[in-house]
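The values are calculated or read from the model by the stated rules, or taken from the named source; none is laboratory data. This structure is a prediction, so every number in the text was calculated from the model and none was measured. Every residue, glycine among them, receives a Cβ derived from its backbone with ideal geometry; neighbour counts consider all protein chains shown.
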Amino acid sequence: MTPKTKILLVEDDPNLSAVLSDYLEMLEYSTTQASDGEEGLVKFRQDNFDLCILDVMLPKRDGFSLAKDIRELNEQVPVVFLTARGQNDDRIAGFRVGCDDYITKPFSSEELALRIEAILKRCMNRTMRPQNSIFDIGRYRFDAVNLLLVFNNEEQKLTPKEAALLKLLCAYKNNLLPRDFALKEIWGDSDYFIGRSMDVFIARLRKYLSHDPSVIIQNVHGSGFKLEVKE
């Protein structure tokens, strides 16, 4: 018997939490509920979850803070934010802390189900791909399996999305990596807000690679990025 996918649902509205939990259970997901950020972190530490659904506005510890703590414990688990807000800054902040998707209330249960299915499928595909990738980037060595960028024996730990983006850039080394392709491959979508998030990740990678002047990530306006390595 295949074990059920485990979902942590952290929502302070008891009615919405109950409705969502019942719906997810109907879809044969195993759902654990928490009503505030501190309880959510306790529940996360007690089990191995396949997905976290976090309300942004939570008592005691907001969703962004909770997501950061979750990421410190598990860099791989996908995170979806729920919010009643529509401000652009909130969406960008969510992607900056490493969320995989962002749903604004009100939303339909069918939309949530489809997004969960897409995220889990995307994560499964990434897990099943060959991960024995070591790349030489100028004077750097990039270990895509262990999420490490090494320069002169000094290690820089990368997040999963940083590593996935750098791996794509390496695969297209000295060639154009199309922006939309990178967004859909790593984030599963290519809307404006996710694009802004990717720009943040590109800026981080530029900083990590700045010790070797022969390595440059060029921004090709309107098209994408190019990892240029002068041999």
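When segment 151-178 is filtered for residues that are under 19 Å from GLY98 (Cα atoms) and in contact (Cβ under 8 Å) with a residue 12 or more places away in the chain, the ones remaining, listed by number, are GLN156, LEU158, THR159, PRO160, LYS161, GLU162, ALA163, ALA164, LEU165, LEU166, LYS167, LEU168. Do you know which residues across segment 194-210 are crowded, with 16+ Cβ neighbours inside 10 Å and either in contact with a strand residue (DSSP E or B) (Cβ under 8 Å, 6 or more places away or on another chain) or closer than 16 Å to GLU228 by Cβ (or both)? Passing the criteria: ILE202, LEU205, TYR208, LEU209. Checked against (1) out of contact with any helix residue (DSSP H, G or I) (no Cβ under 9 Å at 6 or more places or on another chain); (2) part of a helix (DSSP H, G or I), PHE44 passes all but condition (1). When ILE103 is tested against (1) part of a helix (DSSP H, G or I); (2) under 16 Å from the mean Cα position of the chain (by Cα); (3) of a type in the set (A, V, I, L, M), only condition (1) is not met. Here ARG179 clears all of (1) surrounded by 15 or more Cβ atoms within 10 Å (Cβ to Cβ); (2) of a type in the set (D, E, K, R); (3) out of contact with any strand residue (DSSP E or B) (no Cβ under 7 Å at 6 or more places or on another chain) except the condition numbered (3). Of the strands (runs of 3 or more DSSP E) lying entirely inside segment 162-231, those containing at least 1 residues that are small (Gly, Ala, Ser) and at pLDDT 85 or above span 224-229. Residues of segment 83-100 that are modelled with pLDDT of 70 or more and out of contact with any helix residue (DSSP H, G or I) (no Cβ under 8 Å at 6 or more places or on another chain): ALA84 alone. The set of residues from segment 1-41 being hydroxyl-bearing (Ser, Thr, Tyr), closer than 17 Å to PHE81 by Cα and assigned to a strand (DSSP E or B) comprises THR31, THR32. Does ARG141 satisfy the criteria of being surrounded by fewer than 19 Cβ atoms within 10 Å (Cβ to Cβ), under 20 Å from the mean Cα position of the chain (by Cα) and not in a loop (DSSP other than H, G, I, E, B)? For ARG141, the condition - surrounded by fewer than 19 Cβ atoms within 10 Å (Cβ to Cβ), under 20 Å from the mean Cα position of the chain (by Cα) and not in a loop (DSSP other than H, G, I, E, B) - is not met. Consider GLN156 carefully, then state whether it is assigned to a strand (DSSP E or B), modelled with pLDDT of 90 or more and exposed (fewer than 15 other Cβ atoms within 10 Å of the Cβ). So GLN156 does not fit the description; no.
Within the span defined as segment 5-28, every residue fails to be surrounded by 13 or more Cβ atoms within 10 Å (Cβ to Cβ), touching a helix residue (DSSP H, G or I) at 6+ places or on another chain (Cβ under 6 Å) and among the polar types (S, T, N, Q).
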